[in-house]
Amino acid sequence: MNIIIFGPPGAGKGTQAKYLVEKLNKFQISTGDMLREEIKKDSEIGKKILNNMNDGKFVDDEIVNKLLERIIFDPLKKNKLIFDGYPRTINQAKNLEILLNKSNQKIDYIFFLNVNKDAIIKRIEKRKVLEKRSDDDASTILKRYETYMEVTKPVLDYYANNENFHEIDGSMQINDISQKIEEKLRV
Ligand code: AMP
């Protein structure tokens, strides 16, 4: 079973992905974490990634798609994928479909965590203190939200009619969101 956790920055995608990884014995595929690992290597590509991230912009599809390819074809992870922060563009959504088809896999559930802008800003401000992420400062948050509305929102429309699509109120408490997701997984 492969799952996409979808939603704006600060919606709680990472938290729910980690919960499902534990609960269902799966792998979290966080492109944000993968890109932060690249930055730590301080390579040329890492510097480019950091600039984009700190500007609240997306990293090039080409870079992200390449990182993802390795994981999708990893036999240990087959049908155990929890996507957190991917796909974020229509190009990525189409690329994911192609890679999954090629590896005889599919998406079984898409959970959209719906949270409004004010709640997101409050949450990310809290996260900045806890996680010390350089892209969590006030002006970058707004840019990230704008990027989401402009580039990622169309992906939501792309998935909204899919029979595996489920919208969840992401403003609820963490445990309640997890419970709602589990209810859908049981049906
Ligand atoms: P996240 O940890 O998912 O909030 O991602 C942090 C930042 O990493 C984003 O604001 C983007 O700059 C970059 N990023 C993460 N995932 C992607 C992706 N799928 N496509 C492009 N950029 C991404």
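What follows is calculated from the coordinates using simple rules that are stated; it is not laboratory data. Everything numeric in this text was worked out from a predicted model, so none of it was measured. Cβ sites come from the backbone with ideal geometry, for glycine too, and all protein chains shown count toward neighbours.
Residues that are hydroxyl-bearing (Ser, Thr, Tyr) and within 13 Å of the ligand (Cβ to nearest atom) were ranked within the range 1-32; the one that is nearest to Asn79 (Cα to Cα) is Ser30.
Residues in the range 15-32 include at least one that is outside any helix (DSSP H, G or I), of a type in the set (A, V, I, L, M) and under 13 Å from the mean Cα position of the chain (by Cα). Residues that are more than 10 Å from the ligand (Cβ to nearest atom), of a type outside the set (Lys, Arg) and assigned to a helix (DSSP H, G or I) within the range 63-73 comprise Glu69, Ile71, Ile72, listed in sequence order.
Taken over the range 100-116, residues that are more than 14 Å from the chain's Cα centre (by Cα) and within 14 Å of the ligand (Cβ to nearest atom) amount to 1.
Whenever a residue of the range 61-87 is in contact (Cβ under 8 Å) with a residue 60 or more places away in the chain, its partners that are aromatic (Phe, Trp, Tyr), lying with C-beta atoms within less than 8 angstrom and at least six residues away or across chains, give the pairs Lys80/Phe27; Leu81/Phe27; Ile82/Phe27.
Scanning the range 134-172 for residues that are closer than 17 Å to Lys117 by Cα and of a type in the set (Ser, Thr, Tyr) returns Ser139, Thr140, Tyr145, Thr147, Tyr148, Thr152, Ser171.
Quick one: is Tyr159 within 14 Å of the ligand (Cβ to nearest atom) and under 19 Å from Ile90 (Cα atoms)?
It is false that Tyr159 is within 14 Å of the ligand (Cβ to nearest atom) and under 19 Å from Ile90 (Cα atoms).
On the stretch given as the range 172-187, residues that are surrounded by 15 or more Cβ atoms within 10 Å (Cβ to Cβ) and either within 17 Å of the chain's Cα centre (by Cα) or aliphatic (A, V, I, L, M) (or both) total 5.
Here the range 129-156 is the region considered, the condition is being within 15 Å of the chain's Cα centre (by Cα) and buried (at least 16 other Cβ atoms within 10 Å of the Cβ), and the residue that is nearest to the ligand (Cβ to nearest atom) is Arg144. One residue is enough: does the range 40-48 have a residue meeting the conditions surrounded by 13 or more Cβ atoms within 10 Å (Cβ to Cβ) and touching a Leu at 6+ places or on another chain (Cβ under 6 Å)? So far as the range 40-48 goes, no, none of its residues is surrounded by 13 or more Cβ atoms within 10 Å (Cβ to Cβ) and touching a Leu at 6+ places or on another chain (Cβ under 6 Å). Quick check on my filter: what residues within the range 74-83 are part of a loop (DSSP other than H, G, I, E, B) and within 17 Å of Gln16 (Cβ to Cβ)? Residue satisfying the conditions is Lys80 alone. Scanning the range 84-99 for residues that are touching a Leu at 6+ places or on another chain (Cβ under 9 Å) and either over 21 Å from Val21 (Cα atoms) or assigned to a helix (DSSP H, G or I) (or both), we see that the one that is nearest to the ligand (Cβ to nearest atom) is Gln92. With respect to Asp60, determine if the residue is charged (D, E, K, R) and within 25 Å of Val129 (Cβ to Cβ). Answer is no for this residue. For the range 27-43, a residue qualifies if it is touching a residue at least 12 places away in the same chain (Cβ under 8 Å) and of a type in the set (S, T, N, Q), and the qualifying residues are Gln28, Ser30, Thr31.
The condition (being in contact (Cβ under 8 Å) with a residue 60 or more places away in the chain, in contact with an Asp or Glu (Cβ under 7 Å, 6 or more places away or on another chain) and assigned to a helix (DSSP H, G or I)) is satisfied by just one residue among Ile124, Ile177: Ile124.
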